[in-house]
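The values are calculated or read from the model by the stated rules, or taken from the named source; none is laboratory data. These numbers were taken from a predicted model, which means no experiment stands behind them. Here the Cβ is made from the backbone with ideal geometry for all residues, glycine too, and neighbour counts use every protein chain on show. Each accessible area value is taken on the protein alone, full model and side chains, heavy atoms only, with ligands, DNA and RNA left out. Shrake-Rupley method; radii C 1.70, N 1.55, O 1.52, S 1.80 Å.
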Amino acid sequence: MAAAAQLTDRTDEQKAIIEMVRDFVEKEILPNAEHYDHEDEFPAPIVDQMKELGLFGITIPEEHGGLGLDLTTYTMVVEELSRGWISISGVVNTHFIGSYLLMKFGTDDQKERFLPKMATGEIRAAFSLSEPELGSDVQAIKSTAKSTDDGFYEVNGQKMWVTNGLMSGLVFVLVKTDPAADPPYKGMTCFITEKEPGTSENEGDWKGLNVPPKIKKMGYKGVESTELVYDGYRCPAENILGGEEAGLGQGFTQMMDALEVGRVNVAARGVGIAQRALELALRYSQERKTFGKPIAQHQAIQFKLADMATKVDAARLLTMRAARLKDAGERSDLEAGMAKLFASETGKEVVEDSFRIHGGYGYSKEYEIERLYRDAPLLLIGEGTSEIQRMVIGKKLLQRHRI
Ligand SMILES: Cc1cc2nc3c(=O)[nH]c(=O)nc-3n(C[C@H](O)[C@H](O)[C@H](O)COP(=O)(O)OP(=O)(O)OC[C@H]3O[C@@H](n4cnc5c(N)ncnc54)[C@H](O)[C@@H]3O)c2cc1C
């Protein structure tokens, strides 16, 4: 009990920020999500308010203009935002991963150039590994960067599924700088590629980076997912993450490190969407009557609610454990994988149970659960599918329990 209480305990600072975010979600996100989802429109006014609240700089150090808070606090914020609409957490997620990469691996110059503008949300970041022919198998990346005689690298290749691909000003992109490297990961490098937010064909210094029209999706609307085409894009060597000397060939390791915190972040989104689905089911089941009583009074429905609430709590505890371990500087790879696996599956299962409790109305666009039902499956895929999480967990388990 004491351990569980510690996992969900909040400091006064955390209480204050969560209260602020919850209020924002109630007033600005929940009443408007349906509109932006229906139109598949970028929620610009909501994002502007998030900038004012400092939500793009939660984990960025104060010296660079951010709030300097830890992963645990960020995780709590993401749960709240996702309870409102997971697309909003999608706007922040790749930005958070980009700022993590800069804070952990960036040169002083890179931190000074990018972090202050990222903290205010003036520029937002995207994170790009996937390509049309690969997602799970990151070492199979085909995009390349070749050094030129004048201190640049020419980047070529096609990227896929880039969240915030159009509206971002920075893309942390993983490409091969040594396609013959064996093993392949040793020849991979992360470039900080700059571009004009909102522009599909970049010109001038950023010529050669084009953004095709956004991909049409089942859910997770509002936030754009795009391809990115690098066609002779010239990236200065100083934009290799960590600098040319230290960063060349380190991209895979850097990106995998960032994915670990990304997984905690996706886990928090699973908790948030499941929490909302549970709330909707608790309300609907007490309003809707069948056979002379509210459906909540039927034991079969109560059992469903009991399982849903139990899973939400378990997912939250796993997520908080992973975040707290990372903040404490302890190993959290296994725990992040477990949290992501369990919380994303919980998101999908609890949303589906809530949908069932809503009966026919769950299938109607008049009810919020319909949106959640389309949004939840994304979490099974992003930052590594459930199969990939099981591979990570299995491998780490065996490493920790070698005989
Ligand atoms: C809306 C959305 C947003 C996204 N945003 C981003 C982003 O911002 N940046 C980015 O880089 N990527 C992004 N992605 C891509 C995402 O990370 C990939 O879709 C994901 O990693 C899975 O890759 P894939 O789609 O190529 O599936 P594949 O890797 O082709 O896998 C297909 C199926 O095979 C399974 N599988 C694969 N290998 C194995 C194995 N060894 N053993 C057992 N099963 C296996 C998978 O689990 C899956 O079920 C996004 C995806 C979506 C849908």
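Just a few scattered comments:
- Condition met for residue 99 (part of a helix (DSSP H, G or I), within 15 Å of the ligand (Cβ to nearest atom) and hydroxyl-bearing (Ser, Thr, Tyr)): yes
- The range 47-64: number of residues that are surrounded by fewer than 22 Cβ atoms within 10 Å (Cβ to Cβ) and either more than 17 Å from residue 91 (Cα to Cα) or without any contact (Cβ under 8 Å) to a residue 60 or more places away in the chain (or both): 9
- Tabulated pairs, the range 386-401, first farther than 14 Å from residue 332 by Cβ, second away from the ligand (no atom under 11 Å from the Cβ) and aliphatic (A, V, I, L, M), C-beta under 6 angstrom, 6+ apart or interchain: 386/341
- Residue check: residue 289 meets all listed conditions (1) touching a helix residue (DSSP H, G or I) at 6+ places or on another chain (Cβ under 9 Å); (2) under 20 Å from residue 8 (Cα atoms) but one, namely (2).
- Scanning the range 115-157 for residues that are among the polar types (S, T, N, Q) and either open to solvent by less than 10 Å² (accessible area, probe 1.4 Å) or in contact with a Cys (Cβ under 6 Å, 6 or more places away or on another chain) (or both) yields a count of 2.
- Unique match (being within 12 Å of the ligand (Cβ to nearest atom), open to solvent by 20 Å² or more (accessible area, probe 1.4 Å) and in contact with a Pro (Cβ under 6 Å, 6 or more places away or on another chain)) among 167, 160: 160
- Selection of the range 361-402 for residues being more than 8 Å from the ligand (Cβ to nearest atom), among the aliphatic types (A, V, I, L, M) and under 22 Å from residue 273 (Cα atoms) yields 369, 372, 376, 379, 380.
- Checking residue 67 against (1) buried (at least 17 other Cβ atoms within 10 Å of the Cβ); (2) of a type in the set (A, V, I, L, M, F, W, C); (3) part of a helix (DSSP H, G or I); (4) touching a helix residue (DSSP H, G or I) at 6+ places or on another chain (Cβ under 6 Å), the condition it does not meet: (3)
- Scanning the range 325-358 for residues that are open to solvent by 50 Å² or more (accessible area, probe 1.4 Å) and under 22 Å from residue 375 (Cα atoms) yields 338, 342, 348, 349, 352, 356.
- Residue within the range 131-146 that is part of a strand (DSSP E or B) and aliphatic (A, V, I, L, M) present: yes
- Selected residue (criterion: farthest from the ligand (Cβ to nearest atom)) from residues of the range 102-134 that are in contact with a Gly (Cβ under 9 Å, 6 or more places away or on another chain) and closer than 17 Å to residue 228 by Cα: 124
- Per-region count, the range 269-290, residues free of Cβ contacts under 8 Å to residues at least 24 places away in the same chain and over 28 Å from residue 341 (Cβ atoms): 5
- Taking the criterion of being open to solvent by less than 20 Å² (accessible area, probe 1.4 Å), within 12 Å of the ligand (Cβ to nearest atom) and of a type outside the set (Ser, Thr, Tyr), the residues of the range 204-229 that qualify are 219, 222, 223, 224, 228.
- Residues within the range 230-247 that are part of a strand (DSSP E or B), in contact with a helix residue (DSSP H, G or I) (Cβ under 8 Å, 6 or more places away or on another chain) and open to solvent by less than 20 Å² (accessible area, probe 1.4 Å), tallied: 2
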